[in-house]
Structure formats: C-alpha cells, structure tokens
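The values are calculated or read from the model by the stated rules, or taken from the named source; none is laboratory data. All of these numbers come straight from a predicted model, not from anything done at the bench. With ideal geometry, Cβ positions are generated from the backbone for all residues, glycine too; neighbour counts draw on all protein chains shown. Just the protein is used for accessible areas: all its heavy atoms, side chains included, with ligands, DNA and RNA removed. Shrake-Rupley method; radii C 1.70, N 1.55, O 1.52, S 1.80 Å.
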Amino acid sequence: MKIYLASGNKNKKKEMSELLSEHTILTPSDEGIEFNPDETGATFYENSLIKAKALYDIVGCPVIADDSGICVDALGGAPGIYSSRYAGPEFMHGKADGSKIPQEEQNILLIQQLNDAIKKGKLPKGEYLHGQRSCHYTCAMVMYCGADRLYIAQETFEGSLIEDISMQAGSGGFGYDPIVFLPEYGKTVAQLTADEKNAISHRGKAVRALKRIIG
C-alpha cells in the first residue's frame with residue numbers, strides 16, 4: 001500500500017520505511033508537494049492530527065503523521081512539543097522569528113538547563129524512573145484515512161540525559177539521540193543500531209500498534 005508520511009524529515013522517512021518495509025512510504029517532497037502546516041496544537045496528538053489532515057486533504061490517500069519530542073522530567077516535561085524549536089531557557093517555545101538553532105547547540109543548552117535546575121533544587125515533585133536526569137521521548141502517531149476514519153497510537157521511550165556534552169556518543173539516529181543515555185543498555189540512543197532502536201523506540205512502538213490496523 002502507498003502511504004504518505006506528513007513530514008519533510010528524511011531521517012523520519014528512513015525509520016518509517018524500515019518499520020513499514022512492506023509498504024511504499026512517500027513524503028510530500030517526493031512528489032513536489034509544498035507542505036508546511038502550522039503546528040498550533042497544545043499536545044503531540046493535536047499536532048500530529050493537524051499534519052495528517054492537511055496532507056490528506058491534498059493527496060486523498062492514507063497518511064501517517066507523527067509528532068514527537070523529548071520530555072525532561074525535571075523540567076516539567078519540557079521542551080516537549082517544542083523540541084525542534086527549543087533554543088534554551090529564554091526561548092523554550094522557539095525564537096520569535098521562527099529560526100532554529102543547530103541541533104548541537106540545542107543539546108548543549110538542554111543539558112545546561114537541566115544541570116541548573118538540579119543545582120537550584122527546583123524540581124517537580126514525583127518519582128523519576130532514572131533519577132533527576134530522567135527523560136523520555138514521546139511519539140503521537142496518527143493514521144488518517146478520512147474525517148470519519150482515523151487511528152492514533154502514542155508511546156514513550158525512557159532514558160536519562162547525560163551530564164555534560166563531552167559525554168555525547170554515537171552517530172546513529174538523529175536529534176537529541178546522542179545525549180539520551182539508556183541505563184539498561186549502557187549506551188546512548190545514537191549508539192543503537194537501526195534495528196535495536198526500532199525495536200524499543202517510541203516511534204517503533206507506535207508504528208507496531210498501527211501495523212495491527214494496517215495489516
């Protein structure tokens with residue numbers, strides 16, 4: 001089956017093509033479609049649905065959209081839905097002009113922000129899976145087949161933020177993967193092979209939930 005992926009992220013397309021290898025995955029750019037909807041939702045699910053519906057209205061074929069990000073427990077779940085736009089504690093929701101900073105800079109700023117929060121002792125109450133540095137990825141994935149026929153799966157992937165950027169490791173994955181350590185594996189997400197990551201990641205788990213529907 002031909003399925004459109006409501007994203008311009010080549011890394012996401014690669015992961016989705018691996019996870020749904022029995023289907024043909026196309027992105028808007030593959031067919032010269034201009035696609036840049038305003039993600040105005042307040043949750044991962046809302047943004048995912050916005051993207052899925054916007055692309056379906058153009059192509060009229062099944063669309064999968066996901067919205068995902070990193071949530072640091074000690075920062076109250078930030079940057080969350082603003083992960084791709086995050087530009088440090090002064091620009092938690094991104095810069096006013098919409099410009100984005102390099103991923104390496106995002107990684108450095110996020111580590112520094114967590115370190116500062118821990119040092120000041122201003123942390124939300126509750127138990128953290130991996131202590132004060134606990135974090136998780138969230139992925140909300142929608143398969144949209146029309147206004148009256150859609151499916152949603154939301155999953156998480158738990159880890160721990162490293163203490164210093166000098167500890168980042170791995171060349172696989174993308175985004176914040178080099179700075180998210182997995183205690184049970186003794187490596188960062190970026191050090192996992194593609195098969196290892198797809199087996200345990202937030203996106204991998206969400207896709208498998210939808211695959212039971214897709215068939």
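Order these peptides, 63-70, 120-127, by their mean beta-carbon neighbour count within 10 angstrom, highest first.
63-70, 120-127
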On the accessible surface of the chain, probed at 1.4 Å, how many percent belong to carbon and sulfur atoms? 49
Of the listed peptides 97-108, 5-16, 82-93, what is their order by residue-averaged count of other C-beta atoms within 10 Å, with the highest listed first? 5-16, 82-93, 97-108
For peptides 166-176, 49-59, sequence by mean Cβ density within 10 Å, most packed first: 49-59, 166-176
Taking a threshold of 30 Å on the Cα-Cα distance, which of the pairs Lys12/Lys122; Lys53/Lys205; Lys51/Lys197 fall above it? Lys12/Lys122
Might you tell me the accessible area per residue for the range 173-213, computed with a 1.4 Å probe and given in Å²? 42
Using the Cα atoms of the range 159-215, I'd like the radius of gyration and the largest Cα-Cα distance, Dmax, both in angstrom. 12.8, 44
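Using Cα pairs closer than 8 Å and at least 6 residues apart in sequence, work out the relative contact order for the chain, in percent.
Relative contact order comes out at 18 percent.
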The range 83-139, relative contact order in percent, only Cα pairs under 8 angstrom and at least six apart counted: 23
Quote the Stokes-Einstein diffusion coefficient, in whole µm² s⁻¹, for the range 6-86, based on the Kirkwood radius over alpha carbon pairs, a temperature of 10 °C and a viscosity of 1.306 mPa s. 116
Pull up the cross-link candidates among the aspartates and glutamates for Lys187, meaning alpha carbon to alpha carbon under 16 Å and not fewer than 8 places away within one chain. Glu158, Glu163, Asp164, Asp177, Asp195, Glu196
Across the range 201-208, in residue order, what do the Karplus-derived ³J(HN,Hα) couplings come to in whole Hz, using 6.51 cos²θ - 1.76 cosθ + 1.60 with θ = phi - 60° and x for Gly and Pro? 6, 4, 5, x, 5, 5, 4, 5
The range 85-137 - Debye-derived log10 I(q)/I(0), Cα point model, q = 0.27, 0.28, 0.30 Å⁻¹: -1.09, -1.12, -1.18
To the nearest Å, what is the center-to-center distance of the range 27-56 and the range 174-188, using C-alpha atoms only? 28
How long, wide and thick is the chain, going by the Cα atoms along their three principal axes, in whole angstroms, largest first? 52, 38, 30
The range 2-113 - accessible surface per residue (Å², probe 1.4 Å): 48
Name all residues of the range 79-104 having a backbone nitrogen under 11 Å from the label point set 7 Å from the Cα of Ile165 along its Cα→Cβ direction, giving them as ranges. 102-104
Over the Cα atoms of the range 88-177, how large are the radius of gyration and the largest Cα-Cα distance (Dmax), in Å? 16.6, 50
So what are the radius of gyration and Dmax for the Cα set of the range 53-111, in Å? 14.5, 42
